[in-house]
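Undergrad: Supplied in structure tokens, the structure appears directly below.
No lab work stands behind these numbers, since they all come straight from the coordinates. A quick note: this is a predicted structure, and the numbers were derived from the prediction, not measured. Neighbour counts run over all protein chains shown; Cβ positions are idealised from the backbone, glycine included.
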Amino acid sequence: MNNLEQFRKIKTFIFDVDGVFTDSSVLVSENGDLLRKMNIRDGYAVRRAIEAGYRICIITGGNSEGVELRFRALGVLDIYTGISDKVSAYESYVKTYNIDPDEVLYMGDDLIDYLVMRLVALPACPADAANEVKEIAQFISPLKGGEGCVRDVIEKVMKLDGCWMEPIMAKVKSNNNSTI
């Protein structure tokens, strides 16, 4: 099965955070807080996917209130933070919602993501992922972590489903039908 067909089946997206939504660097404040920079277009794609009925889950080894607040603001309900065993978190998530692994895309960038990536239909990674992760990824985004790789996979799925432009086209149609 080619990548295009695999993208057509996706109904659930699961993402790591550091190295996927962010680049692989962090800033450390004087009081020890880790500061991350996220791509605004990735956030827009997450919100659009949720509005269109896709499931989005975050499973991260990091533990940051700011990161969790960001995802909650985007509408993500399922956020697993401080996770060292991502397989257990993944299994709990799919069991809770009775999710078919054949409809799951997981995007990770490093060794902690490796085992979960082997359990899903479409393991994906950013262009700058660890070599071991790239070896098992069935899709490697041409974009790096923090530079739009999340939007890349979400947009592909939604375009194949014909729903990426739906809200914009509805407004265009509404504006064309209104009288001035």
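Undergrad: For Asn131 and Arg72 in the same chain, what is the full-extension length gain: residue separation times 0.36 nm, less their Cα-Cα distance, in nm?
TA: 18.1 nm
Undergrad: Of the residues Asn131, Asn63, Asn31, which exhibits the maximal mean-square fluctuation in a Gaussian network model of the chain defined by a 10 Å Cα contact cut-off?
TA: Highest fluctuation of the listed residues: Asn31.
Undergrad: Given the Cα-Cα distance of Lys95 and Arg8 and 0.36 nm per residue of separation, how much length would full extension add, in nm?
TA: Extra length available between Lys95 and Arg8 comes to 29.1 nm.
Undergrad: Would you work out which of Ala49, Asn98, Phe139 lies farthest towards the positive end of the dipole of the chain, given +1 charges on the beta-carbon of Lys and Arg and -1 on that of Asp and Glu, about the Cα centre?
TA: The residue sitting most towards the positive pole is Ala49.
Undergrad: Could you give the size of the charge dipole of the chain about its Cα centre, using +1 on the Cβ of each K and R and -1 on the Cβ of each D and E, expressed in debye and rounded to the nearest 20?
TA: Magnitude of the dipole: close to 840 debye.
Undergrad: Here's a follow-up. For segment 112-158, which trypsin sites (Lys or Arg not before Pro) are in a loop by DSSP, counting at most 10 other Cβ atoms within 10 Å?
TA: Answer by residue number: there is no such site.
Undergrad: Net charge around Asp100, counting only other residues with Cβ within less than 15 Å of its Cβ (Lys, Arg = +1; Asp, Glu = -1)?
TA: Every neighbour counted, the sum reads +2.
Undergrad: A follow-up question, please. For Thr81, Thr12, what's the fewest-to-most ordering of other Cβ within 10 Å of each Cβ?
TA: Thr81, Thr12
Undergrad: Now a separate question. Calculated FRET efficiency, Leu34 and Val87, Cβ-Cβ r, R0 22 Å, to nearest 0.05?
TA: 0.35
Undergrad: Below 10 angstrom from the Cβ of Gly148, what's the summed charge of the other residues (Lys, Arg +1; Asp, Glu -1)?
TA: Charge balance in the 10 Å sphere: -1.
Undergrad: Looking only at the chain, where both bridge partners belong to it, what percent of the DSSP beta bridges are antiparallel (to the nearest 5)?
TA: 10
Undergrad: Now for a separate question. Dividing the alpha-carbon Rg of the chain by 2.2 N^0.38 Å yields what?
TA: Expressed relative to 2.2 N^0.38 Å, the Cα Rg reads 1.06.
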